[in-house]
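Heads up: the structure comes next, in structure tokens.
All of the numbers you see were taken from the coordinates with simple rules; none came from a lab. A quick note: this is a predicted structure, and the numbers were derived from the prediction, not measured. A quick note on method: Cβ atoms are made from the backbone with ideal geometry, for glycine too, and the neighbour counts reach across all protein chains shown.
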Amino acid sequence: MKTIRKISAVSLLCLTLFTVVTVSCTEENEPPTTQEIQNNSHQTAKTQFITVKGNAIAYRVLGKEDGVPLVLLPGLGGSMDDWDPAVTHGLAKKYKVIIFDNKGVASSNGTTPNTVQAMADDAVDFIKALHYTKVNIMGFSMGGFIAQRIVLTNPSLINKVILTGTGPQGAIGLSNLPNIIAGTAGLSPEASFLKFGFTESAQSIAEGKASFARVQLRTTDRDLSLSDATSNSQFTAVLSWAQPNPDALTEIQKIKNPVLIVHGENDLPVSVQNAKNMAQHLDHAELVIFPDSGHASFYQYHDAFVGKAIEFLGE
């Protein structure tokens with residue numbers, strides 16, 4: 001059954017308060033403090049490597065050792081150190097969380113393909129190399145494109161899916177990505193992060209700056225930067241995904257797994273209408289729309305997001 005839910009300012013407050021109230025009884029589920037994030041496994045988890053079809057793939061394991069793991073798929077240009085620790089730390093309080101660099105990305109060897117499907121195939125190869133037969137997956141932006149292809153081509157491997165800031169093939173607004181990126185030329189890394197992922201409101205900017213600071217917290221064994229070749233391949237794949245596809249929403253109807261869709265009301269590169277369209281074409285989808293937020297809404301509302309994700313994964 002579909003559940004489409006737009007979180008208003010009032011209901012967001014209720015959700016956040018509900019999360020705080022319900023977790024206050026159990027220390028292990030409390031939202032992380034800055035000090036906890038600095039000392040938590042997100043900052044200290046060892047980078048490991050596994051050989052997948054001849055390539056050394058870099059990954060880290062956070063949180064619990066048992067249970068169905070949650071594999072995270074980052075967005076365009078993202079590596080293991082581009083996730084907000086408030087999100088990964090919060091999720092790892094309850095679940096085994098696996099972050100990794102797909103083939104050719106950052107610290108991983110190999111050549112990054114220039115299609116979303118090939119990236120999805122590489123991610124499946126990585127998961128199977130770890131000998132998992134069932135995983136949850138969470139994709140952000142381009143990672144959400146990859147997640148859709150994974151669950152469509154390997155449904156039995158996937159338990160549940162979380163999609164954040166993403167859309168179906170031919171996503172509304174995505175073809176304007178080159179212009180959006182051009183608009184960040186000359187900006188500092190923080191300013192670019194804010195423009196791309198947050199709104200212009202004082203609250204959103206403040207949360208964006210806090211998120212950016214958290215992303216920089218890991219100082220030891222940080223991931224490598226993406227090569228120009230990898231960046232170009234990813235950009236090509238995303239622009240190809242942006243091309244109109246009249247059958248895209250019909251195809252995702254084949255997804256029968258439970259899906260949590262999280263989107264910002266003012267997402268710049270991927271219109272919120274994409275999230276609404278996906279939710280309407282999935283049999284087991286729940287849509288959460290955060291107000292006054294952009295592409296990185298789940299970073300801005302990290303406490304509420306983590307609470308909702310934990311609830312969804314535990315159902």
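Structure above, values below:
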item	result
DSSP beta bridges in the chain [antiparallel fraction, %, rounded to 5]	30
Cβ-based charge dipole, the chain, positive-most Cα from Ala58, Ser201, Ser211	Ala58
Pairs beyond 25 Å (Cα-Cα), from Lys209/Lys276; Lys53/Lys254; Lys134/Lys254; Lys46/Lys128; Lys160/Lys209; Lys64/Lys308	Lys209/Lys276; Lys53/Lys254; Lys160/Lys209
Residue (of Ile158, Ser271, Ser192) at the positive-pole extreme of the chain, dipole from beta-carbon charges	Ile158
The chain: calculated mean residue ellipticity at 222 nm from DSSP helix runs of at least 4, using -39500 (n - 2.57)	-12000 deg cm²/dmol
Residues Leu70, Leu177, sorted so that the one with the fewest Cβ neighbours within 10 Å comes first	Leu177, Leu70
Ordering of 129-136, 270-277 by packing [mean C-beta count within 10 Å, highest first]	270-277, 129-136
